[in-house]
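Let me begin by presenting the structure, written as structure tokens, before commenting on it.
The values are calculated or read from the model by the stated rules, or taken from the named source; none is laboratory data. No experiment lies behind these values; they were computed from the predicted model shown. FYI the Cβ positions are ideal-geometry reconstructions off the backbone, even for glycines, and counts take in every protein chain you see. Quick note on the areas: whole protein, heavy atoms, side chains included, nothing else; ligands and nucleic acids left out. Shrake-Rupley method; radii C 1.70, N 1.55, O 1.52, S 1.80 Å.
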Amino acid sequence: MVSFLSATDAGVQILKTVLLWVAVIFAAICALDWAVRTRKISPFNAVARFCRSTVDPLIAPIERKVVRAGGTPAAAPLWALAVVVVGGILLLSFLDMIRLELVRSMMAAQDGSAGIFHLLVSWTFSILKIALIVRVISSWLPISPYSGWVRWSYALSEPILAPLRRVVPNLGGLDITPILAYFLLNIIESVLFRLM
């Protein structure tokens, strides 16, 4: 298990370094493209032609979304950079979570069936908490609850939230039941683990 941990740590460290350099290079390219789009660099020199022929096709999908949302095309490189940085952070967080769950799985397997049961209960509560968080964040964004990206979170969290909504009143249009459900899940999980 120690060799597995050291190997995954080394792999994650290499990935962090690679992602950092990708972000730095992409930041330089985006800054250059932004300078061309805002006419800080002459649109007729070789750098501008390179940006229009090579960089602009890569940024075009993000530019379309920015323009549809009411932004300016000149802001597209900055949004592209934000997407790369946030995507890298999410990727590293996801890999760290997977590594942690693999370690927990190995430790649970060493504890036998009680450890595996403990792990499955923990995973169940974690999935329910993630569903609540995804549901809350998606309610802030213009995403349909029937979208394939968030439908699962509504399906998992509605059986928890519906009984709470009958008991807890809305506070001036603010629904606090997801917050209460999150805290209740934490309390129930800790009580179950103390009983096991």
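Just to be sure, is THR38 farther than 14 Å from LEU78 by Cα, of a type in the set (Val, Ile, Thr), over 24 Å from the mean Cα position of the chain (by Cα) and modelled with pLDDT of 80 or more?
Spelling it out, it is not the case that THR38 is farther than 14 Å from LEU78 by Cα, of a type in the set (Val, Ile, Thr), over 24 Å from the mean Cα position of the chain (by Cα) and modelled with pLDDT of 80 or more.
Exactly one of these conditions fails for ASP33: (1) farther than 30 Å from GLU189 by Cβ; (2) at pLDDT 85 or above. Give me its number.
(2)
What's the total number of residues in segment 106-115 that are open to solvent by 80 Å² or more (accessible area, probe 1.4 Å) and assigned to a helix (DSSP H, G or I)? Give the derivation first.
Filtering segment 106-115 for residues open to solvent by 80 Å² or more (accessible area, probe 1.4 Å) gives 107, 110-111, 113.
Those left that are additionally assigned to a helix (DSSP H, G or I): 107, 110, 113.
Qualifying residue count, segment 106-115: 3.
In segment 130-144, which residue that is part of a helix (DSSP H, G or I) and of a type outside the set (A, V, I, L, M) is surrounded by the most Cβ atoms within 10 Å (Cβ to Cβ)?
Across segment 130-144, the extreme among qualifying residues is ARG135.
Assess whether VAL22 counts as being within 21 Å of the chain's Cα centre (by Cα) and within 19 Å of VAL83 (Cβ to Cβ).
Working: within 21 Å of the chain's Cα centre (by Cα): yes; within 19 Å of VAL83 (Cβ to Cβ): yes.
When the stated conditions are applied, VAL22 passes them.
Return a yes/no flag: does segment 116-123 have any residue that is under 24 Å from MET97 (Cβ atoms) and part of a loop (DSSP other than H, G, I, E, B).
no
Select from segment 85-105 the residues that are touching a residue at least 60 places away in the same chain (Cβ under 8 Å), over 27 Å from HIS118 (Cβ atoms) and open to solvent by 50 Å² or more (accessible area, probe 1.4 Å) and list them in ascending order.
VAL85, LEU91
Could you list, in sequence order, the residues of segment 151-176 that are in a loop (DSSP other than H, G, I, E, B) and either touching a residue at least 40 places away in the same chain (Cβ under 8 Å) or of a type in the set (A, V, I, L, M, F, W, C) (or both)?
VAL168, ILE176
State all residues of segment 145-172 that are exposed (fewer than 10 other Cβ atoms within 10 Å of the Cβ) and hydrophobic (A, V, I, L, M, F, W, C); if no residue qualifies, say none.
Hits for segment 145-172 are VAL167, LEU171.
Return the total of residues in segment 26-79 being in a helix (DSSP H, G or I) and either small (Gly, Ala, Ser) or surrounded by 16 or more Cβ atoms within 10 Å (Cβ to Cβ) (or both).
Summing the residues that are in a helix (DSSP H, G or I) and either small (Gly, Ala, Ser) or surrounded by 16 or more Cβ atoms within 10 Å (Cβ to Cβ) (or both) in segment 26-79 gives 29.
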